[in-house]
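Novice: First the structure, then my questions, so here it is.
The values are calculated or read from the model by the stated rules, or taken from the named source; none is laboratory data. Quick caveat: nothing in here was measured; it's all calculated off a predicted structure. So basically every Cβ, Gly included, is an ideal-geometry build from the backbone, and we count neighbours across all protein chains shown. The accessibility values were calculated without ligands, DNA or RNA, using every heavy atom of the protein model including side chains. Shrake-Rupley method; radii C 1.70, N 1.55, O 1.52, S 1.80 Å.
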Amino acid sequence: MELYLDLHSQPCRSVFLLAKVIGIPFEFKLVELSAGQQYSEEFGKINVMRKVPVMKDGSFVLTESVAILKYMLQKHSSSLADHWYPADLQQRARVNEYLSWQHMNLRAHGSKVFLLKALFPVIMGSEVPKEKMDAAVQDLNQSLQMLEDKFLQNKPFIVGDKISVADLVAIVEIIQPVATGLDVFEGRQKLTAWRERVKKALGEKLFAEAHEVIMKVGSLPQQMQNNSNLEMLKPKFQKLFS
């Protein structure tokens, strides 16, 4: 199996973490987003959408992180601990419920904060307007509150007493804005305790390995300075944040 990844990307980290933690052998194929490698002719032959992650299992190529996660879980279900993607109909439905919800909520809002804080000044050549940043952080806080109130409630993990792929997807999204210096865990004891349980379940060393790149995001603007794709990104940012 080949996995095309850049660990700056939270969906890439979820795929990387799952493959590592459940012991799927794979070849790591780096697609350096800050260098514009996703726009190369070579990568375009693998994924016409020019996004990562991409999984190549023999001749079978699959895009979209949630689809890749489910593929890996289902392919290896016979040797996999059930709690990752429970066989029980209702518990699995709870996992799928979270995976469906997160796209337009925690993922969307955490990504927006990350883009505004880490990339907007580089691509647009100006500071983020305060009202835009305040609104983005407010939306993120609402999603975090929903994660606590609706999905975690008083459980150790999103689906009961043990970690599932839902927790894995949630934590990588939360770390994205954290890497820019926003402490989303401040004043959130329930979320903080859950984070520590997730880190322990994944293994502190593996968790640190997966997030090493994103936690050095401060160096990303310098890496992108000579990127010829910056001008191409400017209209996209204007459209996103106008």
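Novice: Pairs Lys130/Lys155; Lys190/Lys216; Lys155/Lys205: which are spaced more than 28 Å apart, C-alpha to C-alpha?
Specialist: From Lys130/Lys155; Lys190/Lys216; Lys155/Lys205, over 28 Å: Lys130/Lys155.
Novice: Another question about this same structure. Run the reach check for Lys112 against aspartates and glutamates, Cα to Cα strictly under 14 Å, same-chain hits fewer than 8 apart removed. What comes back?
Specialist: Glu131, Asp134, Asp139, Glu173
Novice: Using DSSP to define loop residues, name the trypsin sites (Lys or Arg not before Pro) in the stretch 104-205 whose beta-carbon has at most 16 other beta-carbon atoms within 10 Å.
Specialist: Loop-located and lightly packed - Lys162.
Novice: Counting only heavy atoms of the protein chains, get the accessible area per residue of the stretch 86-160 (1.4 Å probe) and round it to a whole Å² value.
Specialist: For the stretch 86-160, the per-residue accessible area is 51 Å².
Novice: Taking every DSSP beta bridge with both residues inside the stretch 1-97, roughly what % is antiparallel (nearest 5)?
Specialist: Around 65 percent of the beta bridges assigned by DSSP in the stretch 1-97 are antiparallel ones.
Novice: OK, next. Which net charge results for the neighbourhood of Pro86, defined as the other residues with beta-carbon distances under 10 angstrom from its beta-carbon, given Lys and Arg at +1 and Asp and Glu at -1?
Specialist: +1
Novice: Calculate what fraction, in whole %, of the accessible area of the stretch 104-227 sits on carbon and sulfur atoms when a 1.4 Å probe is rolled over the protein chains.
Specialist: Roughly 50 percent, rounded to a whole number.
Novice: Please compare each pair in Lys45/Lys75; Lys29/Lys150; Lys29/Lys200 to a cut-off of 31 Å on the Cα-Cα distance and tell me which ones are over it.
Specialist: Among Lys45/Lys75; Lys29/Lys150; Lys29/Lys200, the Cα-Cα distance tops 31 Å for Lys29/Lys150.
Novice: Mean residue ellipticity at 222 nm from the helices of the chain, using -39,500 (n - 2.57) per DSSP H segment of n ≥ 4 over the full residue count, to the nearest 500 deg cm²/dmol?
Specialist: The per-residue figure over the chain is -15500 deg cm²/dmol.
Novice: At 1.4 Å probe size, with no ligands or nucleic acids counted, give the accessible surface of Ile163 in Å², nearest ten.
Specialist: Using a 1.4 Å probe on the heavy atoms, I get roughly 10 Å².
Novice: Another question about this same structure. So for Asp134, Asp167, Asp139, what's the accessible-area order with a 1.4 Å probe, most first?
Specialist: Result, largest first: Asp134, Asp139, Asp167.
Novice: Could you work out what % of the accessible surface of the stretch 1-99 is carbon and sulfur, using a 1.4 angstrom probe and leaving DNA, RNA and ligands out of the count?
Specialist: C and S atoms contribute 49 percent here.
Novice: Let me cross-check Glu204: its accessible surface, 1.4 Å probe, with only protein heavy atoms counted, in Å² to the nearest 10?
Specialist: 100 Å²
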